[in-house]
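Novice: Take this structure, written in structure tokens, and hold onto it; I'll ask about it next.
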Amino acid sequence: MQKTIKFLISLALLLTILPIQAQINDRVIAIVDDEVILKSELDSRMVNVMEQIESGTIPRGIPIEELESQLLDQLIMENLQSQLAIRSGIRIDDNTLNQGLARIADQNNMSFDEFRAALNQDNQYQSFREQIRQDMMLNNLQTGSINQRITITRQEIENYLRSEAAQADIAPEYRVQHVLVPVDNPVQTALQEELADLIYQQILDGADILELAASRQILGLPLGGGDLAGWRKVESLPTMFRAVVPDLDVGETTVPFTSDSGFHIVKLIEKRGGVDLQVNQNQVRHILIRPNEIRTPQLTEELIFELYQQILDGEDFGDLARVYTNDPGSMVSGGDLGWITEGMLPVVFETTLNNLDIGELSQPFQNEDGWHIAQLLDRRVEDVTEENARFQAEQILRERKYDNELENWLTEIRDTAYIDIRLGESD
């Protein structure tokens, strides 16, 4: 969705309503299962394409008949998928749509209000909004349908992880900045070492490493360095950096180290990718009480506080959970949820756990599931590198199969649909 505003407005023109006279002369040019496609819809697309040809976005020389045929086919496939999405119960509510529009605005370095105002200059906001709703609905349909068709076996994952391609695909990438204090004269090495130590201390005290590198000279001694542009895997880093960068935490700066060029100071700005992963986990048990046909919300709240008091008075948490909890998944285990990775629970639940000490019992709290009492049994940091490697491998293999399966799926749904094209018929 990383588009310029001009292109986004152009895309929104696809939904522009034709003038009244055009609507009067409108006619059906295709029947797609239970829906029809009108000549006005195709004309609207043609207007948009002709504008893009004039602007150079689309090359000239494509015959009009071919353009019309391609655009009609596009309309047919969108219409067919839209019907499938509706029959499948796929909906994009206003809140989800607004989040999607906010991401588009952010990608264009604009606030949501600025983005809306830019589209409204040409009265395109509502039509663009509905186009994005349609795009999101079709994307959800495609993603769900295609992922059901793709199978990734354990052997495929193992074979991939042993391949050279996996080492390149999964390897972490780094964004690095540095300062170089060059050494030209061995006699001056002591002075330049002192300068490198001084710069290192300034960085620790909050100085900007790029500003220091850009100064080109401090205390009369020359400096070099700056930003190593873009994301780089280890093999793309300067040779002298390869041994130090992978061991840095994000935001960490190396102590000055030497090479034939002089004294280097390196700071890791960002890191992405890679399979090394440690996660915080909580061992938790809880009791969940929900309202039902017999128990009103008021009675539900009263019951959870009664159970809380019984636990404080010495009743066994597990025994009460087995009798009262409305969570069937943890009922048998006395409310024990096992080890839960941080971020996997609802926000209110997660926040409550973060404020507990090990062994501590929470007061009753409410979220969208109902009323809870939670007890934090333990905390740990778990190394999930192996699981992360397998997950990333599966995602990469799935992406490789996706386009082919999408093409097959589109062909299948078209072949099984009723489509009657009437474009060539006279008015």
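The values are calculated or read from the model by the stated rules, or taken from the named source; none is laboratory data. Since we're looking at a predicted model, the values are computed, not measured. Backbone-built Cβ (ideal geometry, glycine too); neighbour counts: all protein chains shown.
Novice: Output the residues belonging to segment 289-331 that are of a type in the set (A, V, I, L, M, F, W, C), surrounded by fewer than 16 Cβ atoms within 10 Å (Cβ to Cβ) and modelled with pLDDT of 95 or more.
Specialist: Selection gives 299, 305, 312, 323.
Novice: Now a separate question. Can you pull out every residue in segment 242-275 that is in a loop (DSSP other than H, G, I, E, B) and small (Gly, Ala, Ser)?
Specialist: Result: 243, 251, 261, 273, 274.
Novice: Could you tell me how many of the residues in segment 166-199 are assigned to a helix (DSSP H, G or I) and either closer than 18 Å to residue 247 by Cα or modelled with pLDDT under 90 (or both)?
Specialist: 11
Novice: Scanning for something among the basic types (Lys, Arg) and either under 22 Å from residue 80 (Cβ atoms) or in contact (Cβ under 8 Å) with a residue 60 or more places away in the chain (or both), does segment 98-110 turn up at least one residue?
Specialist: Looking through segment 98-110, at least one residue is among the basic types (Lys, Arg) and either under 22 Å from residue 80 (Cβ atoms) or in contact (Cβ under 8 Å) with a residue 60 or more places away in the chain (or both).
Novice: Confirm whether residue 212 is modelled with pLDDT of 90 or more and of a type in the set (A, V, I, L, M, F, W, C).
Specialist: Here the answer is yes, as residue 212 does meet what is asked.
Novice: Go through segment 292-322 and give me each residue that's under 14 Å from residue 365 (Cα atoms) and touching a strand residue (DSSP E or B) at 6+ places or on another chain (Cβ under 8 Å).
Specialist: 300, 301, 303, 304, 307, 308 - these are the residues of segment 292-322 that are under 14 Å from residue 365 (Cα atoms) and touching a strand residue (DSSP E or B) at 6+ places or on another chain (Cβ under 8 Å).
Novice: Mind checking which residues of segment 216-232 are under 28 Å from residue 169 (Cα atoms) and surrounded by fewer than 13 Cβ atoms within 10 Å (Cβ to Cβ)?
Specialist: Matches in segment 216-232: 229, 230.
Novice: Okay, moving on. Out of all the residues in segment 276-285, which are of a type outside the set (A, V, I, L, M), in a strand (DSSP E or B) and touching a helix residue (DSSP H, G or I) at 6+ places or on another chain (Cβ under 9 Å)?
Specialist: Answer for segment 276-285, where residues must be of a type outside the set (A, V, I, L, M), in a strand (DSSP E or B) and touching a helix residue (DSSP H, G or I) at 6+ places or on another chain (Cβ under 9 Å): 278, 282, 285.
Novice: Give segment 158-197 a look and list any residue that's crowded, with 17+ Cβ neighbours inside 10 Å and either without any contact (Cβ under 8 Å) to a residue 12 or more places away in the chain or β-branched (Val, Ile, Thr) (or both), or say none.
Specialist: 170, 176, 179, 181, 183
Novice: Farther than 30 Å from residue 318 by Cβ and either at pLDDT 95 or above or not polar (S, T, N, Q) (or both): does that describe residue 399?
Specialist: When the stated conditions are applied, residue 399 passes them.
Novice: Another question, then. Out of 412, 405, 394, 382, report the one residue that is touching a Lys or Arg at 6+ places or on another chain (Cβ under 8 Å) and not aromatic (Phe, Trp, Tyr).
Specialist: Going through 412, 405, 394, 382 in turn, just one is touching a Lys or Arg at 6+ places or on another chain (Cβ under 8 Å) and not aromatic (Phe, Trp, Tyr): 405.
Novice: Can you report the number of residues in segment 45-74 which are assigned to a loop (DSSP other than H, G, I, E, B) and at pLDDT 85 or above?
Specialist: 1
Novice: To continue, here is another question. At least 1 residues that are without any contact (Cβ under 8 Å) to a residue 40 or more places away in the chain and in the same structural domain as residue 292 (by TED's automatic domain parsing) in each: list the strands (runs of 3 or more DSSP E) lying fully within segment 306-412 that qualify.
Specialist: In segment 306-412, the matching strands (runs of 3 or more DSSP E) lie at 365-367.
Novice: Here are the criteria: (1) surrounded by 17 or more Cβ atoms within 10 Å (Cβ to Cβ); (2) within 20 Å of residue 132 (Cβ to Cβ); (3) modelled with pLDDT of 85 or more. Tell me which single one residue 12 does not satisfy.
Specialist: (3)
Conditions tested, residue by residue: (1) without any contact (Cβ under 8 Å) to a residue 24 or more places away in the chain; (2) closer than 22 Å to residue 174 by Cα; (3) crowded, with 17+ Cβ neighbours inside 10 Å.
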residue	(1), (2), (3)
234	no, yes, no
239	yes, yes, no
249	yes, yes, no
253	no, yes, yes
257	yes, yes, no
262	no, no, yes
282	no, no, yes
287	no, no, yes
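Novice: Go through segment 198-225 residue by residue and tally those that are touching a residue at least 60 places away in the same chain (Cβ under 8 Å) and touching a helix residue (DSSP H, G or I) at 6+ places or on another chain (Cβ under 8 Å).
Specialist: 2
Novice: If you go through segment 109-125 one residue at a time, do you hit one that is at pLDDT below 90 and within 27 Å of residue 418 (Cα to Cα)?
Specialist: No, because not a single residue in segment 109-125 is at pLDDT below 90 and within 27 Å of residue 418 (Cα to Cα).
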